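The structure under discussion appears below in the form of structure tokens.
The values are calculated or read from the model by the stated rules, or taken from the named source; none is laboratory data. Keep in mind that what you see is a predicted model, and the values were worked out from it rather than measured. Every residue, glycine as well, gets a Cβ built from its backbone with ideal geometry; the counts of neighbours run over all protein chains shown. Heavy atoms of the whole protein, side chains included, go into the accessibility calculation; ligands, DNA and RNA do not. Shrake-Rupley method; radii C 1.70, N 1.55, O 1.52, S 1.80 Å.
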Amino acid sequence: MSKNIVLLILLSSVCYSQQIRPNIIFIFSDDHDQRAISAYGNALIKTPNIDRIAQNGTVFENSFCTNSICAPSRAVILTGKHSHLNSVPDNRNETRFDSSQVTFPKILKENGYTTAIVGKWHLKSNPTGFDYWEILNDQGQYYNPEFISKEGARIRNGYATDLTTDLAINFLKDRDKSKPFLLMCQNKAPHRNFMPKIKYIGMYDSVLFPLPATFNRDYTKMGSAAQEQKQSIAKDMMPVYDLKLFPAIALANSLSGINDKNPYFAWLSEAKRLNPEEMEKWVNAYMPRQIEFLQIPKDEKSIAEWKFQSFMRDYMATIYSVDENVGRLLDYLDQNNLAQNTIVVYSSDQGFWLGENGWFDKRFMFEKSMRMPLIVKWPGVTDKNKRVTQMVQNLDYAQTFLEMAGIKSPSDMQGKSLVPLLKDPNVQWDRDYLYYQYFEYPDAHRVQPHYGIRSNEYKLIYFPLHNEWEFYNLKADPDEQYNLIGESGLKKTIAIHKLRLNELRKQYLVKP
Ligand code: SGN
Ligand code: CA
């Protein structure tokens, strides 16, 4: 451990107060958009158990990430530092989390907490700062997945979301009961390729999800980044891998996307994990979808809409399991006298496009992908169903967890503890602008690198590859359809945002 870390830990110990320290459970999913949580007040799906957290807690309505992609979001959360400082700007294979860094779990552990992480980790290097860890291998698999722990790798039979929660509950049972704990329970779901538990396949088949108004957006009027991206449901979703069309049917209809990967391989990479009996159930469960596809008209529009519905049905069915398992964890707390002294947080690494602009995936600084869910239940502090509208970011989580435990955070963390907002949603919150930066290019979806700032009313984005600026009025145009960068009436407002962007880049130590 470096001298700096020891010093920081000693400093924080001095400030640590002797009051009863709360336990913290951080439930974190992958690609779970706010709109797929009923506590956020929408009708896309009911999530009664996640809503239980909200019913006795605080819902952050304007919660955002700093870089809308998996590993980077996780690194920001652990370190409380932006991507350009925490060693993980992107998801590329070569990018590894520098595990010698100060993280909030390390500080909690040094201050007497038992710390554990189960499920998706995705940071390449092994977890540090945890007494117990058992993680999915890299992106992880849905069926009979491989888990890695200090003892090595092993396959566990079952469905990833259930297994992750089993591990979380086992940790709670076996933990050292004389200490407070931090438990990070991190789901793979609802990440691509959206594979529901077999018994839930088809559960939303009778639902027709509303097609977003922007589904058929005309890209020719958008900037080069939107024109270049490869995250179109119609063109880039793979019929076999993503949509579970049986390979022969997909090939016979020569659907676009079928050649992106060997369709058999991509399909089998997940489905082959099933044993013959499970495989038979899986194939039977997806049979109605094959029949439905054979019956639809084969024009571009009908196929695109069919793809949208199929994707949404699977995405939501994976969330059904997430919600069910959140319920199991909450029940365990209730039944074991832990609920009163345990903070429960629900979040996900970023948002997800659910058909707006015709897209899936994330990455862009636009609202759909930049937003992330954040719901916090802290018995005795948050009361029923509070809503916070101030802008917060995943950059704030580390300092929030530390303050919850009564620990002062290191001065080089770049966020701000959310504890004052949890205590009083109307407290003076001195943050008018958020900084965002996305780095990964060209893989996997050819989203150009960009950075920018968001204020309550506007968003300014810069795409350096082609030196393009975009400016949106979020109140008048929440779907970010009209780039106002050339609008003469907005010259002054745009200039202020450019100025603030430069100041934020300096403040956050971004190299020019
Ligand atoms: C994989 C997916 C992408 C996804 C990234 C990042 N492709 O590369 O669609 O954007 O993960 O996801 S897949 O063919 O492997 O499914 S993230 O959640 O890790 O950021
Ligand atoms: Ca993700």
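Of Ser100, Pro145, Ile201, which is farthest on the positive side of the dipole of segment 94-249, counting Cα position, with +1 on Lys and Arg Cβ, -1 on Asp and Glu Cβ, and the Cα centre as origin?
Of Ser100, Pro145, Ile201, it is Ile201.
Once the dipole of the chain is set up with Lys and Arg at +1 and Asp and Glu at -1 on Cβ about the Cα centre, which of Met238, Gly223, Phe181 lies farthest towards its positive end?
Phe181
Suppose a student asked you for the relative contact order of the chain, using Cα pairs under 8 Å spaced at least 6 residues apart; what percent would you report? Write down the numbers at each step before the final one.
Values: 1016 pairs, mean separation 124.8, N = 512.
Once divided by the residue count of the chain, the mean separation gives 24 percent.
In segment 450-484, which residues have a backbone nitrogen under 17 Å from the label point lying 7 Å from Ser224's Cα in the Cα-to-Cβ direction?
Zone members listed by number: 450-451, 461-471.
Take the alpha carbon atoms of segment 397-465, find their center, do the same for segment 335-352, and report the distance between the two centers in whole angstrom.
Between the Cα centre of segment 397-465 and that of segment 335-352, the gap is 21 Å.
Is segment 468-509 best put as rounded, prolate or oblate by its Cα gyration tensor, with a ≥ b ≥ c the root eigenvalues, rounded for a/c under 1.5, and otherwise prolate when a/b is larger than b/c, oblate when not?
Details: a/c = 2.45, a/b = 1.71, b/c = 1.43.
Note, shape of segment 468-509 comes out prolate.
If you place +1 on the Cβ of every Lys and Arg and -1 on the Cβ of every Asp and Glu, how big does the dipole about the Cα centre of the chain come out, in debye to the nearest 20?
Using Cβ point charges on Lys, Arg, Asp and Glu, the chain gives about 880 debye.
Please give the length that would be gained between Asn456 and Asn341 if that part of the chain were fully extended, namely 0.36 nm times their separation in residues minus their C-alpha to C-alpha distance (nm, one decimal). The partial results should precede the final answer.
Working: separation 115, 0.36 × 115 = 41.40 nm, distance 3.47 nm.
Contour length minus the Cα-Cα distance gives 37.9 nm.
Work out how much length Lys491 to His466 would gain on full extension: take 0.36 nm times their residue separation and subtract the Cα-Cα distance, in nm to one decimal. Before the final figure, lay out each step's value.
Numbers: separation 25, 0.36 × 25 = 9.00 nm, distance 2.12 nm.
Using 0.36 nm per residue and subtracting the Cα-Cα distance, I get 6.9 nm.
In what sequence, largest accessible area first, do Lys109, Lys492 appear using a 1.4 Å probe?
Final ranking, largest accessible area leading: Lys492, Lys109.
Where both residues lie in the chain, what percent of DSSP beta bridges are antiparallel, nearest 5?
Roughly 55 percent of the beta bridges in the chain run antiparallel, per DSSP.
When the helix-only estimate is applied to the chain (DSSP H runs of n ≥ 4, each -39,500 (n - 2.57), divided by the residue count), what is the mean residue ellipticity at 222 nm, nearest 500 deg cm²/dmol?
When only DSSP H runs of four or more count, the value is -10000 deg cm²/dmol.
Please state the relative contact order of segment 299-437 as a whole percent: Cα pairs under 8 Å, 6+ residues apart? Provide the component values of the computation, followed by the final result.
Values: 121 pairs, mean separation 22.9, N = 139.
With pairs under 8 Å counted, the relative contact order is 16 percent.
What number do you get for segment 345-435 when its Cα radius of gyration is normalised by 2.2 N^0.38 Å, N = residues?
1.20
Pull out the extension gain between Ile291 and Arg92, defined as 0.36 nm times the separation in residues minus the alpha carbon to alpha carbon distance; nm, one decimal. Intermediate values should be presented prior to the final figure.
Numbers: separation 199, 0.36 × 199 = 71.64 nm, distance 3.82 nm.
Net length gain for the segment: 67.8 nm.
With contacts defined as alpha carbon pairs under 8 Å and 6 or more residues apart, what's the relative contact order of segment 144-226 in percent?
Here the relative contact order equals 18 percent.
What would the Debye equation give as log₁₀ I(q)/I(0) for segment 418-474 at q = 0.17, 0.19, 0.28 Å⁻¹, counting only Cα atoms as equal point scatterers?
-0.69, -0.76, -1.09
Just to confirm my numbers, what's the Cα centroid distance between segment 204-226 and segment 30-90 in Å?
About 22 Å separates the Cα centre of segment 204-226 from the one of segment 30-90.
Using the structure shown, select from Lys81/Lys221; Lys81/Lys150; Lys188/Lys475; Lys109/Lys173; Lys368/Lys408 the pairs with a Cα to Cα distance greater than 24 angstrom.
Details: Lys81/Lys221 36 Å; Lys81/Lys150 27 Å; Lys188/Lys475 33 Å; Lys109/Lys173 19 Å; Lys368/Lys408 33 Å.
The answer is Lys81/Lys221; Lys81/Lys150; Lys188/Lys475; Lys368/Lys408.
Just from the alpha-carbon atoms, what are the Rg and Dmax of segment 305-377 in angstroms?
16.0, 48
Which order do Glu470, Glu277 take by accessible area at a 1.4 Å probe, largest first?
Glu277, Glu470
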